[in-house]
1. In Å³ and rounded to a whole number, note down the convex hull volume per residue for the Cα atoms of segment 294-343.
2. Going by Cα centres, segment 173-208 and segment 276-343 are how many Å apart?
3. Cα-based Rg (one decimal) and Dmax (whole number) for segment 1-151, in Å?
4. Kirkwood hydrodynamic radius of segment 182-306 from all distinct Cα pairs, in Å?
5. Kindly provide log₁₀ I(q)/I(0) values, in the same order as q = 0.15, 0.18, 0.24, 0.25 Å⁻¹, from the Debye equation applied to equal alpha-carbon scatterers of segment 138-244.
6. Just to verify a number: what accessible area does GLU212 come out at with the full protein assembly present, 1.4 Å probe, Å² rounded to tens?
7. Can you give the local net charge around LYS99? Use residues other than it whose beta-carbon is closer than 14 angstrom to its beta-carbon, Lys and Arg +1, Asp and Glu -1.
8. Accessible area per residue of the chain at 1.4 Å probe, in Å²?
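The values are calculated or read from the model by the stated rules, or taken from the named source; none is laboratory data. Only a predicted model underlies this, so the values are computations on that prediction, with no experimental measurement involved. In this analysis, Cβ positions are derived from the backbone assuming ideal geometry, glycine residues included, and neighbour counts consider all displayed protein chains. Side chains included, ligands, DNA and RNA excluded: accessible areas come from the protein's heavy atoms. Shrake-Rupley method; radii C 1.70, N 1.55, O 1.52, S 1.80 Å.
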Amino acid sequence: MNHRTVFELHSKKLTGVLATPEVIDTVNQLHHLYSKLTDIEGVLAPSDTDEVFEELSENGTRVNPYMAAYCFLDYLRSYKFTLGIKNLIDDKLNQGNQKPLQILYAGTGPYASLILPLTTVFSANQIQVTLLDIHQSSLDAVSKLISTFNLEAYFNAYIKADATLFTPNDHIAYDIIISETMDKALRKEPQVAIFNHLRQFLKPDGAFIPEEIRVDLYQSKWCEEKNPAFEYFLDTETRKHNATFREKITNLIAINKHSVTTFKRTNPDHRLFLKTIDPKNFKAAYTALLLLTEVQVYKEITLIEDESVLTEKDYLSPLNDRILQSGLSFYYKMDNDPRIICD
């Protein structure tokens, strides 16, 4: 089979209902094809390039194109994002939205992996995509894939820019803005800053993908918890085990197209207050505070704990006597190392 036939075969699979073993095989097949065509495969860049593993920006850490390519192998993440975007496009087309839908994909990486498969189920008359990435090498790689698969009609621009500073030409407003530029517990990477900035370019009835990102605070008997197996996305037993040694305290942050407008650098230390937890909510039987992330891609399509590296548990703090007596206040730090902090 030629490259386009292989691409179409596995892309159509990825937009349908699949069991996890089928997801793994399909993503592996596409990753092999993409990496073969772009020469971008693993986490580390070749020694003769100037790409670095991570680089700091004003709003958080940016990963290099090689790490972005590797992230495609986060199987359930790639599958659920693809399926969620497909369902959103279907809904918008069925609601009679003007065609083609205008889509901005910010942080494409070298594969634009969350949108390319959808060209096998939608026409260029239904969707038009603007690709945005900070790395020219990612855009060059995506362009090569698009050319190889004869998909040029779907893509109206390839823009090298920082997504937290980008302004579209001609005052365009988007029906859908896609960006998966996050780490667990909304730390390190600039997801919040990107959505905060791009919100102004979304149509009133437009949608973000992911639709919502929630980070909840739990207290845990940390020493009783287990770490999941290497293939964490298959390890439901560890998740069930750990749940018995935890208690949810509250939701700390929920990022969606409405709430994200408040996440701005408004004070000298770039901290946005989230909430204060009264000491009566903490219990001495627990030993640690954890952050758990849930990513609602679209409607019921959700990534829960350990289905993705985006939703791994994050150890926040020991639950010590000071906290038990005085409580804690929580903030989201909006600087070059964004994260939830407490004092």
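1. Values: hull volume 6.4 nm³, N = 50.
Taking the convex hull of the Cα positions in segment 294-343, it is 128 Å³ per residue.
2. For segment 173-208 versus segment 276-343, the Cα centre distance is 21 Å.
3. Looking at segment 1-151, its Cα Rg and Dmax stand at 15.5, 51 Å.
4. Values: mean 1/r = 0.0607 Å⁻¹.
It works out to 16.5 Å.
5. So the normalised log intensities are -0.88, -1.03, -1.38, -1.42.
6. Approximately 30 Å² for this residue.
7. -1
8. Normalised by residue count, the accessible surface of the chain is 44 Å².
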